[in-house]
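The values are calculated or read from the model by the stated rules, or taken from the named source; none is laboratory data. Not measured: the values here are computed from a predicted model. Cβ: placed from backbone, ideal geometry, glycine included. Neighbour counts: every protein chain shown.
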Amino acid sequence: MEIKTYIGAVRKAAEYVRSRMPSAAPQVAVILGSGLAKAVPAFEKSETIPYGDIPGFPRPTVAGHVGKLIIGQIHGRCVAVMQGRFHYYEGHSMESIALPLRMLEYLGLKTVILTAAVGSMREDIKPGHFVAITDHISFMGRNPLRAFHEEEFGDMFPDLVNAYDAELRKHIIAICHAHKLPAHEGVYTAVCGPSYETPAEIRAFRAWGGDVVGMSVVPEVIPARQMGIKVAALTWISNMCSGMKGATLNHSEVLELGAKVSEGLRVVLQDLIKIA
C-alpha cells in the first residue's frame, strides 16, 4: 500500500469512528490480548463498533480476539478499548497492525495501555502472574515504520530509550500489589510466531536479557512512540517457555487461563485508567 493510500485509510477510519463516538475523543486506549475479552473495564456509557464496520480495519483471525472497538466514559474520562488485536503471523502487514493506533492518535489519543499473553523465561515468574514491561528486544525481522514515513506521523528515527513509561509502570506494580496480584517487571522479547519457540531459542533469549516472550506488542509500541503516545505494557504469563520445567504450549490452555486472569486484569485496568 502506498503511503498516500495508507494515510487516506487512517483518516477514513477516524472519520467513521468519530461519527459513532458517544462523547469526546478518547485520550486513553486499552488493547486487550489473547483470552481477555472479559477484562473490559466497566464503562459508564459506551458505544461498541465491530471492526468489520470500520473502513480499512484489519480483521482478527485468532481465537480469543473478539474484534470490537468500545468507546465511552470511565471515571469521567473518554476511553477506547480494543477487544482483540492484529498479529504479524496472521499475515497482516506491519503498517496494518499500526493502523488502529494511528487512527486513534488522529482522534486525539495520548496514552495506550497494551496487554498480551506471554511466556515466562524466568523460574520465579509463573503462569497467572503479571509483568509490567520495562523494555523490549525485537526478533521480528521487520520494523512497522519501514517505508511508511510521513511527517505527520513523527520522526523517521524515533527514540525508544524510554519506550515504556516508567511512571505508569510504577503505578501498575503498586495497583497489582494493592489487589494482592503477583506482579513483576521484565524485558519483552518479540518474535514473529505463530510457532512456539525452541528450547535453544529460549536459552539464547535468556542470555540476551529477555524475561518474557511474545508475538505482539512491539509492532504497536514503535508507531505509538513515533507519534508521541505514552505507552504502558501489562502482560500476563500464559505458560512457562519451551524447555523449562512445567512448560505446556497449547493455545486453548492460554485462552482458558486468560479467562481466569481477566478479572484481576479488569480491576487493575479500572484503577490505572484513573491516572493514565
Point to revise | Filtered residues of region 8-54 (kept if at pLDDT 90 or above, part of a helix (DSSP H, G or I) and of a type outside the set (Lys, Arg)) | key: Gly8, Ala9, Val10, Ala13, Ala14, Glu15, Tyr16, Val17, Ser19, Tyr51, Gly52, Asp53
Practice item. Within region 71-79, identify whether any single residue is of a type in the set (D, E, K, R), surrounded by fewer than 21 Cβ atoms within 10 Å (Cβ to Cβ) and either in contact (Cβ under 8 Å) with a residue 12 or more places away in the chain or out of contact with any helix residue (DSSP H, G or I) (no Cβ under 7 Å at 6 or more places or on another chain) (or both), and answer yes or no. Key: yes
Exercise for review: Look through Tyr196, Tyr164, Tyr188 and report the one residue that is crowded, with 16+ Cβ neighbours inside 10 Å and in contact with an Asp or Glu (Cβ under 7 Å, 6 or more places away or on another chain).
Suggested key: Tyr164
Study note, to complete from the structure: Restricted to region 220-237 and to residues being outside any helix (DSSP H, G or I) and β-branched (Val, Ile, Thr), the residue surrounded by the most Cβ atoms within 10 Å (Cβ to Cβ) is Thr235
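Listed here are the residues, each with its yes/no results for (1) within 13 Å of His136 (Cα to Cα); (2) touching a Lys or Arg at 6+ places or on another chain (Cβ under 6 Å).
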site	(1), (2)
Ala147	no, no
Pro158	no, yes
Ala166	no, no
His177	no, no
His184	no, no
Val187	yes, no
Ala190	yes, no
Ser195	no, no
Val221	yes, no
Revision key, fill the gap. Picking from Ile137, Ile175, the residue that is surrounded by 18 or more Cβ atoms within 10 Å (Cβ to Cβ) and not small (Gly, Ala, Ser) would be Ile175
Check your understanding: Restricting attention to region 107-134, which residues are of a type in the set (Ser, Thr, Tyr) and buried (at least 20 other Cβ atoms within 10 Å of the Cβ)?
Key -> Thr111, Thr115, Ser120
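Residue by residue through region 220-261, note down the ones that are polar (S, T, N, Q), out of contact with any Pro (no Cβ under 8 Å at 6 or more places or on another chain) and modelled with pLDDT of 90 or more.
Thr235
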Practice item. Confirm whether Arg102 is within 30 Å of Glu44 (Cβ to Cβ) and in a loop (DSSP other than H, G, I, E, B). Key: no
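Residues are listed down the side, and each one gets a yes or a no for (1) on the phi < 0 side of the Ramachandran plot; (2) touching a strand residue (DSSP E or B) at 6+ places or on another chain (Cβ under 9 Å); (3) surrounded by 14 or more Cβ atoms within 10 Å (Cβ to Cβ); (4) not small (Gly, Ala, Ser):
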{"position": "Ala9", "(1), (2), (3), (4)": "yes, no, yes, no"}
{"position": "Ala13", "(1), (2), (3), (4)": "yes, no, yes, no"}
{"position": "Val17", "(1), (2), (3), (4)": "yes, yes, yes, yes"}
{"position": "Pro26", "(1), (2), (3), (4)": "yes, yes, yes, yes"}
{"position": "Gly33", "(1), (2), (3), (4)": "yes, yes, yes, no"}
{"position": "Lys38", "(1), (2), (3), (4)": "yes, no, yes, yes"}
{"position": "Phe43", "(1), (2), (3), (4)": "yes, yes, yes, yes"}
{"position": "Glu47", "(1), (2), (3), (4)": "yes, yes, yes, yes"}
{"position": "Gly52", "(1), (2), (3), (4)": "yes, no, no, no"}
